[in-house]
Amino acid sequence: MARIVPLSEAHHLPLWRQPRSLLFLMAMAMPVAFNVWSALLNNFVIEAADFHGEDIGLLHTVREIPGFLAIGVILVLWVVREQKLALFSLMLLGIATGVTAWFPTLGGILIITLLSSIGFHYYETVNQSLQLQWIEKERAPQTIGWLLAAGSGATLVAYGLLVLTWKTFDLSYNFVYMIGGGFTFIVAVIALFAYPQFEAPHPQNKSFVLRRRYGLYYALQFMAGARRQIFVVFAGFMMVERFGFEVHEVTGLFLINLVANMIIAPQIGRLVHHWGERRALLIEYAGLVIVFSLYGGVYWFGWGVVLASALYVVDHMFFAMSLALKTYFQKIADPKDIAPTAAVAFTINHIAAVFLPVLLGLLWMSSPMWVFLLAAGMAGTSFCLALLIPRHPEPGRETVFTRPIAAPAE
């Protein structure tokens, strides 16, 4: 059994065995499997299983079901500690990614995608909870920005190798999936045995938590999940279907995103710390209204591949600002609510994700433009909700309409 170390004593450990180092290690492991899967996905499903718009919509609906059921993490935490659950989830993600090419049919791809998605969504749920418990509030925006940059750096190496070797060595989908998934699995196994179990000062509630005062956070999570689906599902699919991008070209576009993220994410963390969550989220949502509207213009006006590629990169950069939503919750939350609320928030985030991809896949078949204009409307709704965030959120001051309760005089 791994040794339990309170967070207050973790600074006595060697730097590489401290909680923040584990967060960085996991931040570099997860994106390799997930992004290798993403980079090859659109080409793989079109070539191997002759996917069309309705098929890709169904695939992403299946992929999001575990996200919708992320609330089940609360039950799992009764028997498995958060840290172990994060690493077990990484292992499942790695294994499922590694064997993706073994199932080149619609049914096989759906099943293996469901398994990898369980690993991904359970990891993301617990990882968000661990970040908010292990990182001090004053340093959270900057540290989370660096964690994003670390994940981008690891993925950049993987993508760089993919771009350089895909055509040169005529790599197969199976080989690349095995390498990407295998890396994530091995890192998770090493971390499971190399790190002690860290114990936060506030034991987490292990019951369903749904509080009225977190209502604005829930609403923002719901809109973020709905909007994000359109980017994840259809922006990349557009590059392959409309402009005929091949694997190395899609991956090259991802490389640009990664380099931009490595440079910008730490700066965004500093800006969130300086500006506050309200201003950062308003800038993100306003930018996304413009980007999604221009995506629609690609189809309405017949704009070319250069503009579409630029929009894809800018889109990705704006999403990096979503770390402000995490730190907003950290500031208003009861420390004991972080783990169960992370699970509830992930479920809320994925409510729309379960049905939107299929419905929008059907809409895509008749008018891709309206899919992106719908996303612009969602970003506009998020902008209006973000106006309700106070400049200095705290417990009791979750929105501009609430005020903290004054402490009684002594």
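The values are calculated or read from the model by the stated rules, or taken from the named source; none is laboratory data. If you're wondering where the values come from, they're calculated on a predicted model, not measured in any experiment. Positions of Cβ are generated from backbone atoms using ideal geometry, with glycine treated the same way; all protein chains shown enter the neighbour counts. Ligands, DNA and RNA are excluded from the accessible area calculation, which covers all protein heavy atoms including side chains. Shrake-Rupley method; radii C 1.70, N 1.55, O 1.52, S 1.80 Å.
In the stretch 290-313, is there at least one residue being over 25 Å from Phe372 (Cβ atoms) and part of a helix (DSSP H, G or I)?
Let us first name the residues in the stretch 290-313 that are over 25 Å from Phe372 (Cβ atoms), namely none.
No.
Just one of Thr341, Thr327 is open to solvent by less than 10 Å² (accessible area, probe 1.4 Å), more than 21 Å from Met262 (Cα to Cα) and modelled with pLDDT of 85 or more; which is it?
Numbers: Thr327 fails: more than 21 Å from Met262 (Cα to Cα).
After ruling out the rest, the residue left standing is Thr341.
Looking only at the stretch 138-166, how many residues end up being touching a helix residue (DSSP H, G or I) at 6+ places or on another chain (Cβ under 6 Å) and assigned to a helix (DSSP H, G or I)?
Quick first cut of the stretch 138-166, residues touching a helix residue (DSSP H, G or I) at 6+ places or on another chain (Cβ under 6 Å) only: 140-142, 144-156, 158-159, 162-163, 166.
Keeping just the survivors that are assigned to a helix (DSSP H, G or I) gives 140-142, 144-156, 158-159, 162-163.
Total meeting the criteria: 20.
Each row is one residue, and each column tells you yes or no for (1) open to solvent by less than 40 Å² (accessible area, probe 1.4 Å); (2) modelled with pLDDT of 90 or more; (3) over 15 Å from the mean Cα position of the chain (by Cα); (4) within 30 Å of Gly57 (Cα to Cα).
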| site | (1), (2), (3), (4) |
| --- | --- |
| Ile112 | yes, yes, yes, yes |
| His121 | yes, yes, no, yes |
| Gln131 | yes, yes, no, no |
| Trp134 | yes, yes, yes, no |
| Lys137 | no, no, yes, no |
| Ser152 | yes, no, no, yes |
| Leu162 | yes, no, yes, yes |
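From Tyr214, Tyr285, which residue is touching a helix residue (DSSP H, G or I) at 6+ places or on another chain (Cβ under 6 Å) and modelled with pLDDT of 80 or more? Give the derivation first.
Values: Tyr214 fails: touching a helix residue (DSSP H, G or I) at 6+ places or on another chain (Cβ under 6 Å).
After applying the criteria, what remains is Tyr285.
Where in the stretch 187-280 are there helices (runs of 4 or more DSSP H), lying fully within it, with 1 or more residues that are within 30 Å of Leu15 (Cβ to Cβ), open to solvent by less than 30 Å² (accessible area, probe 1.4 Å) and in contact (Cβ under 8 Å) with a residue 24 or more places away in the chain?
Values: elements: 215-230, 236-241, 247-275.
Because the criterion is at least 1 residues that are within 30 Å of Leu15 (Cβ to Cβ), open to solvent by less than 30 Å² (accessible area, probe 1.4 Å) and in contact (Cβ under 8 Å) with a residue 24 or more places away in the chain, the helices (runs of 4 or more DSSP H) in the stretch 187-280 that meet it are 247-275.
Here is a list of conditions, (1) of a type in the set (A, V, I, L, M, F, W, C); (2) open to solvent by 50 Å² or more (accessible area, probe 1.4 Å); (3) not in a helix (DSSP H, G or I), and Leu171 meets all of them except one; can you say which number that is?
(2)
Mind counting the residues in the stretch 367-404 that are open to solvent by 60 Å² or more (accessible area, probe 1.4 Å), closer than 20 Å to His273 by Cα and of a type in the set (D, E, K, R)?
Of the residues in that region, 2 qualify.
When you look at Thr105, is it over 17 Å from the mean Cα position of the chain (by Cα), surrounded by fewer than 18 Cβ atoms within 10 Å (Cβ to Cβ), hydroxyl-bearing (Ser, Thr, Tyr) and on the phi < 0 side of the Ramachandran plot, yes or no?
Values: over 17 Å from the mean Cα position of the chain (by Cα): yes; surrounded by fewer than 18 Cβ atoms within 10 Å (Cβ to Cβ): yes; hydroxyl-bearing (Ser, Thr, Tyr): yes; on the phi < 0 side of the Ramachandran plot: yes.
Answer is yes for this residue.
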